[in-house]
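A short reminder: the numbers here are calculations on the coordinates, not readings from a lab. What you are looking at is a predicted structure, and each value in this text was computed from that prediction instead of being measured. Neighbour counts are summed over all protein chains in view; Cβ atoms, including those assigned to glycine, are modelled from backbone coordinates with ideal geometry.
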């Protein structure tokens with residue numbers, strides 16, 4: 001079977017890590033032939049070049065909706081001759097419609113990765129979205145909350161939870177040297193791994209850190225990631241003289257940083273299934289997420305592996321203090337969290353679920 005993956009870029013992010021982990025799983029466990037098409041040249045994950053697959057870049061020409069991409073992608077489909085096209089976004093799904101129709105290639109769309117519809121009914125985005133649903137053979141979400149948020153009622157919709165390569169978390173980590181590398185001098189460390197985007201609430205992250213500092217001075221908050229909101233957050237830290245926050249920028253080795261922490265924190269407006277939460281739990285860390293309406297509740301067992309809280313300062317400060325002051329609770333939550341990830345969120349479980357979907361789509365093609 002030949003599968004053509006189509007996404008925009010491989011910048012640092014949960015979706016991008018998920019794509020590469022899935023490709024690696026398929027390369028190691030199946031005889032599929034795989035190629036990857038990007039619309040941007042940004043590749044922040046060096047191991048993408050070591051996967052042994054063709055990576056084709058069909059660069060956009062300075063405009064967001066470039067009609068030339070229809071032709072470029074169609075021509076590459078003629079060359080690669082995939083049995084299945086697997087897209088990872090609204091626009092890449094839209095660009096894949098012509099080869100789906102004219103070449104008869106089944107189209108699988110993984111375009112639902114959040115749980116909050118962020119455009120109105122009469123918008124161009126909604127038109128693309130509805131068109132994508134119409135022409136996709138199978139529509140994938142990484143959470144039940146995503147299906148509900150976008151009011152998807154078609155039988156084509158399925159849920160496949162994110163999976164992580166558990167081997168990443170089984171090696172020995174030197175927490176002291178990692179803290180020294182980061183410049184953390186306090187007893188406790190709280191870490192948030194997330195893009196600095198409009199979907200994450202890093203302003204709340206800073207407000208929580210400031211409030212904790214008024215209560216105790218033994219906690220450092222570490223933010224791992226990059227994005228358009230990074231400069232704003234850095235300016236706030238400098239202007240408000242926030243002394244207990246460290247910004248690392250983008251990092252590929254996030255597991256080293258998470259392993260050195262005591263608590264994982266995710267300040268967010270709404271999530272699908274968060275890789276950050278999965279990674280923290282895989283490293284035996286209790287987690288706190290401000291996601292009450294999204295997919296975090298599908299990962300976190302409330303009060304057993306962490307907490308889903310309201311998006312305000314005091315609730316999160318209370319939960320952080322409670323965990324930091326109860327070492328045995330942190331340990332027990334961490335153990336249960338790791339067990340949950342090993343059972344339900346491994347790359348092996350995710351990979352097998354995708355294999356089932358690919359076989360279903362391929363069966364539709366040959367019938």
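The table that follows gives values for the structure above.
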read-out	value
Potential extension, residue 232-residue 40 segment - 0.36 nm per residue separation minus Cα distance	66.6 nm
Simple label model, 7 Å out from Cα along Cβ direction - residue 359 to residue 199, nm	3.1
Rounded, prolate or oblate (a/c below 1.5 giving rounded, otherwise prolate when a/b exceeds b/c) for region 1-113 by Cα gyration tensor	oblate
Model label zone, residue 74; criterion: amide N under 18 Å from point 7 Å along Cα-to-beta-carbon; scope region 136-150	136
Quarter of the Cα convex hull surface for region 100-214, i.e. its orientation-mean projected area (nm²)	11.9
Region 224-367: equivalent-ellipsoid semi-axes (sqrt of 5 x gyration tensor eigenvalues, Cα, Å)	31, 20, 15
Principal-axis tilt of helix 313-324 within the chain, Cα atoms, nearest 10 degrees	70
Relative packing of peptides 238-248, 343-353 - highest average C-beta neighbours within 10 Å first	343-353, 238-248
Added length on full extension, which subtracts the Cα-Cα distance from 0.36 nm per residue, residue 123 to residue 218	29.4 nm
Using distinct alpha-carbon pairs, which all enter the 1/r mean, Kirkwood radius of region 277-317 in Å	10.3
Inter-centroid distance (Cα atoms) of region 152-171 relative to region 12-44, Å	14
Semi-axis lengths (Å, descending) of the ellipsoid that matches the C-alpha gyration tensor of region 288-367	37, 16, 6
FRET efficiency, residue 81 to residue 170 (Cβ-Cβ, R0 25 Å, nearest 0.05)	0.05
Expected-Rg normalisation [2.2 N^0.38 Å, Cα atoms] applied to the chain	1.01
Cut-off 19 Å, label 7 Å out along Cα→Cβ of residue 49, residues of region 1-26 by amide N	9-13, 17, 20-21, 24
Mean-position separation - Cα centroids, region 220-279 and region 185-207, in angstrom	4
Relative contact order, percent, the chain [alpha-carbon distance under 8 Å, six or more residues apart]	16
Rounded, prolate or oblate (a/c below 1.5 giving rounded, otherwise prolate when a/b exceeds b/c) for region 154-232 by Cα gyration tensor	oblate
